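To start, the structure itself, in structure tokens.
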Protein chains: 2
Amino acid sequence: MTTPLQTAAPQTSLDPAIVAQLKRDENGLFAAIIQQFDSKEVLMLGWMNDEALGRTLTEGRVTFWSRSRQEYWRKGDTSGHYQYVKSVSIDCDGDALLVQVDQVGAACHTGTPTCFEAGGVLPAVSGTRPVE
Amino acid sequence: MTTPLQTAAPQTSLDPAIVAQLKRDENGLFAAIIQQFDSKEVLMLGWMNDEALGRTLTEGRVTFWSRSRQEYWRKGDTSGHYQYVKSVSIDCDGDALLVQVDQVGAACHTGTPTCFEAGGVLPAVSGTRPVE
């Protein structure tokens, strides 16, 4: 690799106040948690850069940055499984977003309603809050 | 830096089937979405490596890898704001976990119940599903 890794904010139409609030990884990306707005089910986790967030905030539909294909990916353009934006929040240190959406059809490309049903449950020991 | 970035699975006590299912970033990490099990509120997003996940699956409490401090961080050890594990799911491509917990006190170090209240809502144009 002959160019330095991108860490500075890229040129976008995004509000400068939001640009300043975001904390990007070595590839200029941050995580976007996608949650169904009414059932509160967590549907998937995707990745965005500044431009993908700018599009998501202005178009009423969610756009990701695809790490595997290295291109913008507006959810539903090929599958019909649109994600209509209801609200977008940023976390305390600016490296994660919570995007509440109205999901049409399956959120997962495997056809399951959420990507976590596709991957499955891992065996875990439960913890319990002590009785006070 | 004289050693290559870690991409291979490290040595842990984690089940080899889970080790094979995980997809790690350049730093050996994957994202963990933390959700309150009963209200379904998304509390925060943290990062884990294989060892942090192994501890989370066996100890009944959530352990992260702190990227800023470069150390394991068992939630609540200093704050008392424990996260008791209820279930752990992995997503379709193995780079994100959904951890349902019973959160004691505030999930965010700023004192707000979730980290997304601390960061705040971004101005977004809403999208609406067409009437069928």
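Looking at the structure I just gave you, is A:GLY105 more than 7 Å from every other protein chain (Cβ to nearest Cβ), open to solvent by less than 30 Å² (accessible area, probe 1.4 Å) and farther than 30 Å from B:GLY105 by Cα? No.
So which residues in the range B:46-68 are at the interface with chain A (Cβ under 10 Å from one of its Cβ atoms) and within 13 Å of B:GLN83 (Cα to Cα), if there are any at all? Explain how you work it out, then say what you get.
At the first step, the residues of the range B:46-68 found to be at the interface with chain A (Cβ under 10 Å from one of its Cβ atoms) are B:46-47, B:53, B:56-62, B:67-68.
B:GLY46, B:THR56, B:LEU57, B:GLU59, B:GLY60, B:ARG61, B:VAL62 - these are the residues of the range B:46-68 that are at the interface with chain A (Cβ under 10 Å from one of its Cβ atoms) and within 13 Å of B:GLN83 (Cα to Cα).
Please pick out the residue among A:VAL131, A:VAL125 that is surrounded by fewer than 21 Cβ atoms within 10 Å (Cβ to Cβ), more than 8 Å from chain B (Cβ to nearest Cβ) and either within 11 Å of the chain's Cα centre (by Cα) or part of a loop (DSSP other than H, G, I, E, B) (or both). None of the other options fit; the residue is A:VAL131. Against the test of being on the phi > 0 side of the Ramachandran plot, of a type outside the set (Lys, Arg) and touching a strand residue (DSSP E or B) at 6+ places or on another chain (Cβ under 8 Å), the options A:GLY111, A:GLY120 yield a single qualifying residue, A:GLY120. Here A:ASN27 meets the list (1) in a loop (DSSP other than H, G, I, E, B); (2) under 16 Å from A:SER68 (Cα atoms); (3) facing chain B (nearest Cβ under 8 Å) almost entirely, failing just condition (3).
Which residues, taken from the range B:65-104, are assigned to a loop (DSSP other than H, G, I, E, B) and in contact with a helix residue (DSSP H, G or I) (Cβ under 6 Å, 6 or more places away or on another chain)? Across the range B:65-104, the qualifying residues are B:ASP91, B:CYS92, B:GLY94. All conditions but one from (1) in contact (Cβ under 8 Å) with a residue 40 or more places away in the chain; (2) surrounded by fewer than 18 Cβ atoms within 10 Å (Cβ to Cβ) apply to B:GLU59; the one that does not is (1). Residue count for the range B:68-92 satisfying the condition of being at positive phi and surrounded by 15 or more Cβ atoms within 10 Å (Cβ to Cβ): 1.
Test A:LEU43 against the criterion of being more than 9 Å from chain B (Cβ to nearest Cβ), surrounded by 14 or more Cβ atoms within 10 Å (Cβ to Cβ) and more than 16 Å from the chain's Cα centre (by Cα), and give yes or no.
Details: more than 9 Å from chain B (Cβ to nearest Cβ): yes; surrounded by 14 or more Cβ atoms within 10 Å (Cβ to Cβ): yes; more than 16 Å from the chain's Cα centre (by Cα): no.
No.
One line per residue, one yes/no per condition, for (1) more than 21 Å from A:GLN103 (Cβ to Cβ); (2) touching a Pro at 6+ places or on another chain (Cβ under 7 Å); (3) open to solvent by 30 Å² or more (accessible area, probe 1.4 Å); (4) charged (D, E, K, R):
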site	(1), (2), (3), (4)
A:PRO16	yes, no, yes, no
A:ALA31	no, no, no, no
A:ASP50	yes, yes, no, yes
A:PHE64	no, no, no, no
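The values are calculated or read from the model by the stated rules, or taken from the named source; none is laboratory data. All figures in this text were calculated on a predicted structure; none of them were measured in a lab. We place every Cβ from the backbone using ideal geometry, glycine too, and count neighbours over all the protein chains shown. Heavy atoms of the whole protein, side chains included, go into the accessibility calculation; ligands, DNA and RNA do not. Shrake-Rupley method; radii C 1.70, N 1.55, O 1.52, S 1.80 Å.
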